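Student: Encoded as structure tokens, here's the structure I'll be asking about.
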Amino acid sequence: MVANPAIRLATEADIAGLQEAAELAYTKYLPRLQRRPKPMDADFTGHVKRREAWIAEDGEQFVGYVILIP
């Protein structure tokens, strides 16, 4: 657990990392769900352009993300 992560708005440079994080988080559930969960196919480019994607970092290391849709 990260004690005090830095939170920042995601940029276009983060899109591949967002996609990778979603794949890593949800791939293990595919056999049980028998379909891809929606976060795996999210429009991360659109979320970033609409300023809805936020990144958590510990130093330079990505530790998570959240999509906040108004």
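Student: Once you keep just the Cα pairs under 8 angstrom separated by 6 or more residues, what percentage relative contact order results for segment 9-64?
Tutor: In percent, rounded to a whole number, it is 44.
Student: Only loop residues by DSSP count here, and only those with at most 10 other Cβ atoms within 10 Å; note down the GluC sites (Glu not before Pro) in the chain that meet that.
Tutor: Taking the chain and a limit of 10 other Cβ atoms within 10 Å, the loop GluC sites (Glu not before Pro) found are Glu60.
Student: Using Stokes-Einstein with the Kirkwood hydrodynamic radius over Cα pairs, what translational diffusion coefficient do you get for the chain at 10 °C and a viscosity of 1.306 mPa s, in µm²/s rounded to a whole number?
Tutor: D, rounded to a whole number, is 124 µm²/s.
Student: Still on this structure: Could you give the length gained by full extension between Ala56 and Gln19, i.e. 0.36 nm per residue of separation minus their alpha carbon distance, to one decimal place?
Tutor: 11.9 nm
Student: Same structure, new question: Restrict the search to segment 22-55; then list the trypsin sites (Lys or Arg not before Pro) that DSSP places in a loop and that have at most 16 other Cβ atoms within 10 Å of their Cβ.
Tutor: Arg35, Arg50, Arg51
Student: Also, quick follow-up: Tally up the carbon and sulfur contribution to the accessible surface of the chain as a whole percent, 1.4 Å probe, everything protein left in place.
Tutor: Carbon with sulfur: 54 percent of the solvent-accessible area.
Student: Continuing with the same structure: Can you tell me the accessible area per residue over the chain, all protein chains present, probe 1.4 angstrom, in square angstrom?
Tutor: 74 Å²
Student: What does the helix-only formula give at 222 nm for the chain: each DSSP H stretch with n ≥ 4 adding -39500 (n - 2.57), the total divided by the residues, and the result rounded to the nearest 500 deg cm²/dmol?
Tutor: -8000 deg cm²/dmol
Student: Moving to a separate point now. Is segment 29-70 best put as rounded, prolate or oblate by its Cα gyration tensor, with a ≥ b ≥ c the root eigenvalues, rounded for a/c under 1.5, and otherwise prolate when a/b is larger than b/c, oblate when not?
Tutor: Taking the square roots of the gyration eigenvalues as a ≥ b ≥ c, segment 29-70 is oblate.
The values are calculated or read from the model by the stated rules, or taken from the named source; none is laboratory data. Keep in mind that this is a model prediction, so the values were computed, not measured. Cβ coordinates were reconstructed from backbone atoms using ideal geometry, including for glycine residues, and neighbour counts include every protein chain displayed. Keep in mind that these areas ignore ligands, DNA and RNA; they rest on the heavy atoms of the full protein, side chains included. Shrake-Rupley method; radii C 1.70, N 1.55, O 1.52, S 1.80 Å.
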